[in-house]
Amino acid sequence: MDFDLPVVADPSVDADLALLLEHRPSNISGMFDSIADHYDRLDRLLSAGLDEHWRSHLVRDLGLTGSEAVLDLCSGTGEVALSLRRCGAAAVTAVDFAPEMLKIAESKARNAGIDGIRFICADALHIPLGSASVDVATMAFGLRNVEDPLAAIAEISRVLRPGGRLSILELSRPPSVVRRIYLGYFEHVLPWVGRLLSHHRDAYRYLPASVEAFPPPAQVAAMISAAGFEHIHVTPVSGGVAHCYSARKPKPEA
C-alpha cells in the first residue's frame, strides 16, 4: 500500500507554499520557529477554538496511573506535555525539531512550576531515546508535518515498550456540510487573520493546505497498522474536523 502524501499539482499553489508541502525538515522547522510566538493563537484559530478540548480528551483518555514514562512527539509549545504531567505522568520527554517552539514550552513549564519534563530538539524520524524506553507516546497536530509519517510511527514503535500505548490527535478533512463550512473558514478567514498576527504569510497558508493534503483517517489507521501496532481505534471529534487514533504495541507471545 502506498502511503506517500499527495503531490501538490494545483497550479494556483505557488512555489514557496509547494516547497513547504514537501515537508523537508529544515523548511518546516524554520517555518514553525518563525511563528513560535504566535503559534498558540494560531492553534486556536486553526481549530476554531476547539484545540484545548481535543488535547484534554487525548490526555484524559490515556488514564495515566502515575507510573508511566511518556514521549510527547512534535511537542511544539508544550501544551500536551504540560497536561501529561498535570494528569499524572511520572516523566515526560517532549521532542520537537523547532528550537524556538521548545523554548516557549520550557518557559511555560518554568512559569507553571512544573518539573519532570525533559525537552529535546530532534526530528520525529530519529528520536534520541533507547528502544523500548517509554510506556506511552502522544503526538498532537504533528503527524501531517513530518516528512515520512509511516517512518515516524515506526520510530515511535521502536521506543515504546511492548504493550505500550500510542495516541495521536490530528486535524482532518471533515465530511459533507461540515467540510464545506470548515474549508471556507480555512480558505478565507484563517489566512486573513493570520496576516494580522504574523508577517510569515506562507505559514498561515501552509497549515490549512497541509490538512487538505493529508491522507484520510482510514489511510492513517493503515499506516499505524503497517508500523506493527494492534487494537487500533479511530475516533472522529467535532464532526470529523479532527480524529484521535489510539493503538498498542504488541507484547511478545508467551
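Laboratory data are not the source of any read-out in this text; all were calculated from the coordinates shown. Values in this document were obtained by computation on a predicted structure and should not be read as measured data. Counting neighbours? That spans all protein chains shown, and the Cβs are built from the backbone with ideal geometry, glycine included.
Tabulated values for the structure
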quantity	calculated
FRET efficiency, Asp37 to Asp148 (Cβ-Cβ, R0 41 Å, nearest 0.05)	0.90
Ala218 paired with Ser133, simple spin-label distance in nm, labels 7 Å along Cα-to-beta-carbon	3.8
Euclidean distance between Cα centres, the range 65-81 to the range 206-254, Å	18
Efficiency of FRET from Cβ geometry, Ser26 and Leu50, R₀ 35 Å, rounded to 0.05	0.70
Per-pair calculated FRET efficiency, R0 = 22 Å: His57 and His231 via Cβ, rounded to 0.05	0.75
Relative contact order (%) - criterion: Cα under 8 Å, at least six apart; region: the range 51-91	51
